[in-house]
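Working notes, beginning with the structure itself.
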Amino acid sequence: MDFIARHMELIIIAAVLVFIVRAARVLLKARKIDREGIETDAVVSRVEEQWDPDTASSAYLTYVRYRDENGEFRESPMALTSSLSYEEGEEVRIRFVPGDDELVREVR
């Protein structure tokens, strides 16, 4: 019996734990954006296709350009976007957390 077959239960448990940790991180980010975020208008500055070899599918990372709390322009990737694709130049309403370019999402 090879290593994988003998340790299949541990491998499955590890995979489930990784999934749970990732899901928890996404939920914590969403809560922080909802709690501390500032709502503003933004423009889609670019859309990048990202291939996921694990799922054999593409995902799209949408970047937006907006003015931050100090009136300065920022470009950040949008987190937690819907499955809809965006086009460059499209206007979108966002929420962002001041001082954290990674915490930006579309207002729903």
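Readers should treat all values here as calculations from the given coordinates under stated rules, not as data from a laboratory. Predicted model, so just to flag it, every value in this text is computed and none were measured. When we count neighbours, we look across all protein chains shown, and the Cβ atoms used for this are built from the backbone with ideal geometry, even at glycine.
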On alpha carbon coordinates alone, what is the Rg over Rh value for the chain, Rh being the Kirkwood radius?
1.13
Fewest-first ordering of Leu61, Leu103, Leu10 by Cβ atoms within 10 Å yields Leu10, Leu61, Leu103
In degrees between 0 and 90, to the nearest 10, how far off the longest principal axis of the chain does helix 8-36 point, with axes built from Cα atoms?
10
The extension gain from Glu102 to Val21, computed as 0.36 nm times the residue separation minus the Cα-Cα distance, is 27.3 nm
Short version: ³J(HN,Hα) in whole Hz for each residue of segment 64-72, in order, from phi by Karplus 6.51 cos²θ - 1.76 cosθ + 1.60 (θ = phi - 60°), x for Gly and Pro, what are they?
10, 10, 8, 8, 7, 5, 9, x, 8
Take the chain, connect every pair of alpha-carbon atoms lying under 10 Å apart with a spring to form a Gaussian network, then pick out the residue of Phe19, Phe73, Phe96 with the largest mean-square fluctuation.
Phe19
Backbone N under 11 Å from the Glu90 label point (7 Å along Cα→Cβ), restricted to segment 51-65:
62-63
Of the GluC sites (Glu not before Pro) in segment 13-108, which ones lie in a loop per DSSP and count no more than 12 other C-beta atoms within 10 Å?
Glu69, Glu72, Glu87, Glu88
Shape call for segment 23-80 from the C-alpha gyration tensor, a ≥ b ≥ c root eigenvalues: rounded (a/c under 1.5), prolate (a/b greater than b/c) or oblate?
oblate
